[in-house]
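Scroll down for the structure; my scribbles are underneath it.
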Amino acid sequence: MIIVDDVGGLIPKISHSPWDGATLADFVFPFFLFVVGISLAFAYKRVSNRVSATKKAVLRAANLFLLGLLLQGGFFHNIHDLTYGVDIGKIRLMGVLQRIAIAYLLVALCEIWLRDVREGGIGSGYTIIRKYRCQLLVGLVLTATYTVILYGLPVPDWVYDVTSPNSTMKHFMVKCGVRGHTGPGCNAVGMIDRSIFGIQHLYTRPVYLKTEWCSIDSPNNGPLPSDAAPWCEAPFDPEGLLSSLMAIVTCLVGLQFGHVIIHFKGNDERMVWWSLSALILLALGFSLDLFGLPMNKSLYSLSYTCVTSGTAGLFFAGIYLLVDVYGYKKPVLPMEWMGKHALMIFVLVACNVAPILLQGFYWRVPNNNVVRHLNSL
C-alpha cells in the first residue's frame, strides 16, 4: 500500500485504475481484507462465551472505526501544512480503516454465532460446507443484495455545489434518470452515499479524476478538459456503504480459507482446497468481466471481488508452500515483522502521520525541515 501510494503517481500501471479495470494497487486492499478473514478463523477457533466474544469484537471494531475517522476524516492536513483540525460538518465518514472495521465486525459475528458448534471431524468438503453453511448463506445474501441494488435501483438527476479557490461558487447538475448504470456519475453506489451521508461527507479526490472525462493527462491527474463531465468535481467515496457489502464478502472468503487450516491437517489437502477454490473464483470473476460486469474497485463489483479474492487465495497458498512447507522463512522475515505491525505502519506511513510529525521539528523556519529537504532531492 505504501509503495502504490507513493510510486503510483509516477507509474500509472501501479496506481489505481481510473475506473473500470484493475491495476496492482487495486489488489492491495482486498488482500488485506482476505487476511483479516483468515486471522478470524484462528481468533475464534474456540469461543467459550459468545456474548463476551461479541462485546470484544464490537469494541475492537469501534476503536478501529474511530481511528479511521481521525486519520482519514480530514483532521490531518497536507503534510506540508503544520496545521490540523476538521469541520465536523464536512468530515469524511468512511475510509479504509472504517471499512476494515465494518468487515471485521460482521465476519467476526458470523464466526461467533453462525457455525455448527458440535464437535466432530471434518472428513470431506461436504462436511466443512455444512458446518459453515450459514456463513456461506450470508455471503450469498450480501452478494445478491448488492447486485439487485446496483443494477435495479433507479438513479435520479442530482445537483451539487463546489467552491473554487477564489471563493466563487459553482453549481452543477448531473443528468441521470437511469437504472443499472456503472459509470462514475450515475451509479447507485454514489447515490446511496449522497443520500445517507450527504455529499459533504464523501471523499473529495475520487479516482475518476484521472479518467479521460476529467483529465487531459489521463490516466494521470491533470487539468479538466473544456468539455469535462458535470460530475468530475463531485465527491465520491470508494469506501462507500453499498460497496462495503462486497468488502465483507471478501473477508468471508478469507475466513473460509482459514477454516481449511483449522480442519485439514495435511499440506496436500490444504493446497488442493485453496488452489481449487481460488481458481474457481478467478474463472468466475474473469467470466463476469468478459460478459459485461467489469472489474471496478470504486464500486467493488462482483467480478472485482472474485478476481481479487481468487488471486489472494493463490498468493496465500504459494506463500504457505514456500514458508510453511519448504521452510524458506528467513527471506520473508521483514514481511513477517510488517505483518505483525501492519496497523502501526499504516498509521505512521500510509496516513502520512510520520512525515507530519517529522515536519513539526524544524530549524529556525518551518520550511527548513527534514521532509522538505528529502522531497527536494
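The values are calculated or read from the model by the stated rules, or taken from the named source; none is laboratory data. Predicted model only: the values in this text are computed from it and were never measured. For neighbour counting, all protein chains shown are included, and Cβ atoms are generated from backbone atoms with ideal geometry for every residue, glycine included. Ligands, DNA and RNA are excluded from the accessible area calculation, which covers all protein heavy atoms including side chains. Shrake-Rupley method; radii C 1.70, N 1.55, O 1.52, S 1.80 Å.
What to note about this one:
- C-alpha long axis of helix 267-290 to longest principal axis of the chain, angle in °: 40
- Summed residue charge, Cβ within 12 Å of Ala43's Cβ, Lys/Arg positive, Asp/Glu negative: +3
- The chain: relative contact order in percent, alpha carbon pairs under 8 Å with at least 6 residues between: 20
- FRET efficiency, 1/(1 + (r/R0)^6) with R0 22 Å, evaluated for Arg133 and Val47 via beta carbons: 0.75
- Qualifying lysines (Cα of each under 16 Å from Cα of Lys45; at least 8 residues distant if same chain): Lys56, Lys131, Lys265
- Kirkwood Rh, Cα atoms: Rg over Rh of region 248-288: 1.03
- Angle between the chain longest axis and helix 96-113 axis [Cα atoms, degrees, rounded to 10]: 20
- Using 0.36 nm per residue and subtracting the Cα-Cα separation, the extra length available between Thr163 and Arg60 on full extension is 33.3 nm.
- Note that the chain carries a Kirkwood radius of 22.5 Å, evaluated over its alpha carbons pair by pair.
- The Cα atoms of region 120-212 give a gyration tensor whose axes a ≥ b ≥ c have a/c of 1.5 or more with a/b greater than b/c, which makes the shape prolate.
- Solvent exposure of the chain amounts to 53 Å² per residue of accessible area, where only protein heavy atoms count and the probe is 1.4 Å.
- Heavy-atom accessible surface of the chain: percent carbon and sulfur, 1.4 Å: 66
- Globularity index of region 201-340 is 1.36 (Cα radius of gyration / 2.2 N^0.38 Å, N = number of residues).
- Each Lys and Arg contributes +1 and each Asp and Glu -1, all at the Cβ; summed about the Cα centre of the chain, the dipole is approximately 1240 debye.
- Applying 0.36 nm per residue to the separation of Leu140 and Leu290 and subtracting their alpha-carbon distance, the gain on full extension is 51.8 nm.
- Multiplying the residue separation of Val323 and Ser39 by 0.36 nm and removing their Cα-Cα distance gives an extension gain of 100.5 nm.
- Tilt relative to the chain, helix 244-263 - C-alpha long axis, 0 to 90 degrees, to 10: 30
- Helical mean residue ellipticity (222 nm; -39500 (n - 2.57) per DSSP H run of 4+; nearest 500) of the chain: -16000 deg cm²/dmol
- Unit charges on C-beta of K, R, D, E only; dipole of region 237-371, Debye: 400
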